Amino acid sequence: MTLSVLAILLVVAAPSFASLWRVNRATAAVKRFSLDLEYARSEARRRGSAVSLCASEGTACQGSGGADWAKGWIVFADDDADGSVDGGEAILRVQPALTGGDTFQAGDGRSSLTMGRTGLASNLSASVTFTLHTSPIDANATRCALINRAGRETVLKAGATGCA
């Protein structure tokens, strides 16, 4: 009897726990991205020179055109503000790949964001949205980071204007 009740509870509760897990995983990943964006902004102001984030699987930036930010990203002192790690440029932070087969991509396919010495985004001509989809796709778990031309970010939940 007790096992039957427990089995029924597991069948009913397991899907909602899985969805909750995906929501928490997506929220945490976008939060890490937000914190690194803010860190890049403050470091650029402190150093008086550009600091960039780029999609990366280690210590080199991925090429442009559909860069996969889910494979990880790095924050680095970008002395020449080209959005790419060159010899002698210090890597300040490294984020590992996202787990669970999640996807995280910029709407315009960009592979880097650069904060100029004033802390403002120097390589954005328009706002860009980074969208994180969990695997399997769960509409409730989708999160977006909308970054405006100044480099300020707003985190949106799925269904909000600008987050699909």
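Read-outs: derived from the displayed coordinates by stated rules, not from any lab. Just so you know, these numbers come straight off a predicted model, no measurement behind them. For neighbour counting, all protein chains shown are included, and Cβ atoms are generated from backbone atoms with ideal geometry for every residue, glycine included.
Add +1 for every Lys or Arg and -1 for every Asp or Glu among the other residues with Cβ under 15 Å from the Cβ of residue 25, and state the total. Can you show the working numbers first?
On the way: positive: 22, 31, 32, 143, 157; negative: 102, 138.
It works out to a net charge of +3.
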(request) Alpha carbons only, please: Rg and Dmax for segment 2-157, in angstrom. (result) 18.1, 67
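Taking the Cβ of residue 81 as the centre, find all other residues whose Cβ is under 15 Å away and add up their charges (Lys, Arg: +1; Asp, Glu: -1).
Details: positive: 41, 45, 47, 110, 117; negative: 43, 78, 79, 80, 82, 86, 89.
Residues close to residue 81 contribute a combined charge of -2.
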(message) Just to compare against my own numbers: the Cα pair-distance distribution for segment 80-162, 10 Å bins, whole % per bin, please.
(response) 16, 41, 33, 10, 0
(request) Report, in deg cm²/dmol and to the nearest 500, the calculated mean residue ellipticity at 222 nm for the chain, where each DSSP H run with n ≥ 4 adds -39500 (n - 2.57) and the sum is divided by the residue count. (result) -10500 deg cm²/dmol
(request) State the answer as a single residue: which of 27, 63, 150 lies farthest towards the positive end of the charge dipole of segment 2-157, with beta carbon charges of +1 for Lys and Arg and -1 for Asp and Glu, about the Cα centre. (result) 27
(request) May I ask for the net charge around residue 103, where only other residues with Cβ less than 11 Å from the Cβ of residue 103 are counted and Lys, Arg are +1 while Asp, Glu are -1? (result) -1
(message) Relative contact order for segment 78-164: what percent, with Cα pairs under 8 Å and sequence separation of 6 or more?
(response) 22 percent
(request) With everything on Cα atoms, drop me the angle between helix 2-47 and the longest principal axis of the chain, reported from 0 to 90° to the nearest 10. (result) 10 degrees
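Under a point-charge model restricted to the Cβ atoms of Lys and Arg (+1) and Asp and Glu (-1), what is the dipole moment magnitude of segment 2-157 relative to its Cα centre, in debye to the nearest 20? Intermediate values should be presented prior to the final figure.
On the way: 16 positive and 15 negative charges, 126 e Å.
Dipole about the Cα centre, nearest 20: 600 debye.
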(message) Placing +1 on the Cβ of each Lys and Arg and -1 on the Cβ of each Asp and Glu in segment 67-164, which of 135, 81, 96 has its Cα farthest towards the positive end of the resulting dipole?
(response) 135
